[in-house]
Every structure is written in C-alpha cells, then in structure tokens.
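The values are calculated or read from the model by the stated rules, or taken from the named source; none is laboratory data. Treat the numbers as computed from the prediction; the structure is a model and nothing was measured. All Cβ positions, even for glycine, are placed from backbone atoms using ideal geometry, and neighbour counts span all protein chains on display.
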Amino acid sequence: MGIRRVFIIVLDSFGCGALPDASAYGDEGSDTLRSVTLSKCFRAPFLTSLGLFNIFGNREKSVPAAIPVGAYGRAAERSAGKDTTTGHWEIAGLVSKKPMPTYPDGFPEELIQKIEKETGVGILCNKPYSGTEVIKDYGREHIVTGKPIVYTSADSVFQVAAHEDVMPLEKLYEYCKKVRALLVGENAVGRVIARPFKGEYPNYERTPYRHDYSVAPPEPTLLDYLKSSGFDVIGVGKIGDIFAMSGLTESIPTHGNEEGMKAAFEAAGRNFTGLCFVNLVDFDSLYGHRNNSDGYAKAISEFDAWLGDFLKKLNDDDLLLITADHGCDPATSSTDHSREYVPIIAYGAKVCPCDLGTRTTYADIGKTVADIFSVENDLAGESFAGLLGCETLYGELAQKAIEMRKMSYSPYSGFRVGAALLTREGKVYGGCNIENSAYPATCCAERTAFYKALSEGKRNFSALAIAGGKEPGDASELASYCAPCGTCRQVIREFCGGNFRIISVKSKNDYKIYTLDELLPFSFGPDDLG
Ligand code: THU
C-alpha cells in the first residue's frame, strides 16, 4: 500500500457498545460512546467526519457523516477480560485466552511467604482496598514496622504502598522488581504497582512517583515483529509499560492526554519508518472510572480539536488508526471497565473511505499493520488492508473495468469504455458506454455504473475504475489511460467526497490513481446549495 508510518491512537476506554457476552462481565447495556455523546459537552466534528457515527451500531447515537472521509468499523474483543493490558495486546495481535489473575480474597498465603522470604520483609493488609483508604488504615502500622502495604483491586494488580521516609523510592522500586520476578505462571499478575506516599497521619498523600511493572506479553506481538524487521516502534504514554518494553525501539512516557497528544504531534513531525503507538489515558482514569460523563465528553472534544491539527500533519504515505482498548461507561453505576466493542477509524491519503464492518477481534488492527508493512507474522486476526485500498483491491477493480469494455455499445465512435464502481460495503457495479444515433443521448460508462448502483439504492462509494480506448472489446491492455469526461466528474461530485478515488486503467497492473479533488478542483456540489 506504500505506507511508511502508521499511527495507532488508543482512546483509553472509548468503547462503543456492549459486546454480546457483556452480561458475563456484569456489563449488559454498557455503551461508553452513547453516554459520552449524550453530554452537552460533546463536540467531535473531526471524528464525525472520519466516520465515527457511520460505524454499524453507532448510527443512532449521533448524525452520521454524509460522506465520511475515513474508513470505519468496530471490533469485538476475543480475549477473556476487559483490562487495559489485554485490550492493547489484542490490538497488537495477541489474544489472551485466560483472564489475568485477580485476587478478591487477597494473594495466597504460599505466595506471600515466598515474597517475604525473597525480600526479607513481611507485609501488611493483603486485601482488595481503595488506594487512599489503605494508607489511612495501615499507614501508621507501616511506619512502625517498616512492612510495605500490599493490596489489590478488581483488576489484576499487586500494589505496594510505602511511605517515602520509611521506604525510599529506590528501595520501593527494588522491592517491586523482586515481586514482579516472583509473579509468574498462574500468578502472572498484570501489573505490580509501586504507590509511594508522604505526610503525617491522617493527612497522608500519594506522591506522583507511582511506577508500574507490567507482565511481558507471553508471545510476540506486532511490536516485536516490526522491531525485529528493522522498523521503528515508538510507544507514547503507557504503551512502554503495557508491553513491558518488548518490541519498542523508543518509549515516551507521559502524564495524561495533553502530554500524550503533544508527544504524538512531535512524533508526526519526525522522520521515522514504522509504528507510533499512542495511549491517551485520561478518558479512562480521570472520567470513566469516576463516572464523569461531562468530563469524558470534554476530553473527547479536546482530543477532537487536536485531531484537526494532527490530520494536517500527516504525510501522503501515513496511516492513522483510532481505536480503544475496552469500555468504561461513565453513566452506569459501575466504576469499572466495561466489555464493549471498540471503534476502528482509519484515515490517510491512501485510504479508501469504506465500511470495515464488525470485526471479530481487535487483533485485526495489528494484523492489518503487519500486512501493510509486509512483515511475516503469527498474529491473530484478519487484515483489512485490502478494504483500506491496497493495490490488490484496485487491481481487481481495474480488471473489472477492462472486462466491462466488452459490453460497450459504441458503433459511432468505436471508443469502448468500461467502468467499475466500488461501494463502501465492498460491492462492485460495472458499466459501459452506450451510444445513440442522436449523439447527445450517449451515456458514458461511469454514469452507467453510477446509475445502476444509485437506482438500487446505493449512495456510498469509495472508488471507480475506468478503462477506455479503441482496442477490441477483449483487449487486456490499452494504449492509454482514459480520463472521465466533465459531465461524469460532476455526477461523481454529487455523491462522493474529495478523496473519492478514480482509477484510470491501462491494464490490471497498470493504472493511475487520482482523487476527485485532483480531477475537479474548486468544484460546485450539493453542499453549495445549503
Ligand atoms: N466515454 C465514456 O464512456 N467515458 C469517458 O470517460 C469518456 C468518454 C464514452 C462516451 C462515448 O461513447 C465515447 O466514449 C467517445 O466519447
């Protein structure tokens, strides 16, 4: 497809509707996108124009774009679970069959004994707990005994709280690394988290020096395949942590969305070849978990405004993919993640706006990126690179246009034209020119194809191939590229956006790709009539 850089931006927790098995997770009816769009603070013109509300299942949530400029779809999570790590690993092509272990009754005694032996210090608490409550309830004992406070949550986490004066940061980090090394096999907890705090009882305060030690992916992910094939793999935000640095060539940790967007913007200004994988965390941590729909909507609106500038930064050989790692519906009583579909939006100069449909796994994203970079891999999922408009798709469309020339009725000019029109659902309508002894009544091949599709109710198109020349009807190769006439260009303009692709064909393997904007600049269209 000739893509040099791919940007995957994960809007953390921006799910778009409950999965069929959501009830098994207590998430029936969860729909993060719907809850966020209902807020008066929601404003997302760029996401909308890319196709967010053209996605199947999202259409009723807001007004779909008449002519989306991106490719759009949604994906189900195939992994067992709904946490950040599982979601990101699946995006990167790794499906987790077993959920990461959680400990609603605390960690098993045997494991704790092993940790105490290895670290030479006892522990306190060992229960699921709120992070602020746990230091209030155990802080004083911790200060007296020097034992770290170990607690967990509904997530697969082993959290260690320690006062900075009792256990200096370096010692706490050292302790967490030792624990990380011990948490393997069935106890391969998603994250070990260092939670330092300071101050005097009862005003203990957590400090910003939290540090996460994630479990490494058990099998190679997209990131590993890209890195070992010599591509750059830049992680922004939590990505480095989530993949335990496996497969990254560079990690840019951030605090929150603002820094994340800034880092992604800077990366877009750099000259690299490969993947920039960005996680924007605030949607989840600041708003989803805190059931703050307005805050969530505001954060999406801020992202959308940033996106407008970011799109302008992209080169012709860049591909942008926007998605999410799970849901976290701010309007349900649950403050936990929710088991949801995630949106997939793809945009780029080389991307054919089309409907990617409902994908059965987030892994289709990773598989697609591996496919685009022609990297051999063992990832799960199915590539949708073909739908995005890779050469093979245009090649097939070109071939169809060549075949349609056979049908041409052109006794007066002897100029045979065939056309093939691709709808956004992936259906192809063929057409040929049909002449008439009263010359002006002639219909061109392109319009024949359009009128066939339009009269069957189709309105959304992504590409049109044209093959024309005086060669016999069964010719597989033509002498020149045929350009659409002015009238046809205007008809195309009626139904298609500026990045609609027009493929001028000499043969199945020899064609030129134009956008409608290139062939009909400064045009007049239905939007001009208001
Ligand atoms: N024609 C097309 O069908 N499409 C084009 O883009 C150019 C022209 C037809 C119309 C007519 O039958 C013949 O080619 C010569 O103009």
Query raised in the report: Of (1) more than 21 Å from residue 207 (Cα to Cα); (2) modelled with pLDDT of 95 or more; (3) under 32 Å from the mean Cα position of the chain (by Cα), residue 107 satisfies all except one. Which?
Result: (3)
Query raised in the report: Among (1) on the phi > 0 side of the Ramachandran plot; (2) in contact with a Leu (Cβ under 9 Å, 6 or more places away or on another chain); (3) not small (Gly, Ala, Ser), where does residue 291 come up short?
Result: (2)
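Based on what the data block shows, is residue 476 touching a helix residue (DSSP H, G or I) at 6+ places or on another chain (Cβ under 8 Å) and over 20 Å from residue 389 (Cα atoms)?
Working: touching a helix residue (DSSP H, G or I) at 6+ places or on another chain (Cβ under 8 Å): yes; over 20 Å from residue 389 (Cα atoms): yes.
In short, yes.
Among the candidates 27, 31, 12, single out the residue that is touching a strand residue (DSSP E or B) at 6+ places or on another chain (Cβ under 7 Å), at pLDDT 95 or above and farther than 23 Å from residue 365 by Cα.
Residue meeting the stated conditions: 27.
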Requested in this report: Could you tell me whether segment 74-97 includes any residue that is in a loop (DSSP other than H, G, I, E, B), of a type in the set (D, E, K, R), surrounded by 17 or more Cβ atoms within 10 Å (Cβ to Cβ) and more than 17 Å from the chain's Cα centre (by Cα)?
Outcome: no
Query raised in the report: Can we say residue 331 is modelled with pLDDT of 95 or more and over 17 Å from residue 91 (Cβ atoms)?
Result: yes
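So if I check each of 483, 449, which one is within 12 Å of the ligand (Cβ to nearest atom), surrounded by fewer than 20 Cβ atoms within 10 Å (Cβ to Cβ) and modelled with pLDDT of 95 or more? Break it down into steps so the answer makes sense when it comes.
Values: 449 fails: surrounded by fewer than 20 Cβ atoms within 10 Å (Cβ to Cβ).
Testing whether each residue is within 12 Å of the ligand (Cβ to nearest atom), surrounded by fewer than 20 Cβ atoms within 10 Å (Cβ to Cβ) and modelled with pLDDT of 95 or more leaves just 483.
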Query raised in the report: Can you name every residue in segment 401-445 that is touching a residue at least 40 places away in the same chain (Cβ under 8 Å) and near the ligand (Cβ under 9 Å from one of its atoms)?
Result: 408, 414, 415, 416, 417, 418, 419, 444, 445
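Restricting attention to segment 245-259, which residues are of a type outside the set (S, T, N, Q) and not in a loop (DSSP other than H, G, I, E, B)? Step through it out loud before you land on a result.
Keep residues of segment 245-259 that are of a type outside the set (S, T, N, Q), which gives 245, 247-248, 250, 252-253, 255-256, 258-259.
Of everything in segment 245-259, those that are of a type outside the set (S, T, N, Q) and not in a loop (DSSP other than H, G, I, E, B) turn out to be 250, 252, 256, 258, 259.
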Query raised in the report: Which residue pairs have Cβ atoms under 6 Å apart, sit 6 or more places apart or on different chains, and have a first residue in segment 456-477 that is over 11 Å from residue 405 (Cα atoms) and within 16 Å of the ligand (Cβ to nearest atom) and a second that is basic (Lys, Arg) and part of a strand (DSSP E or B)?
Result: 463/501
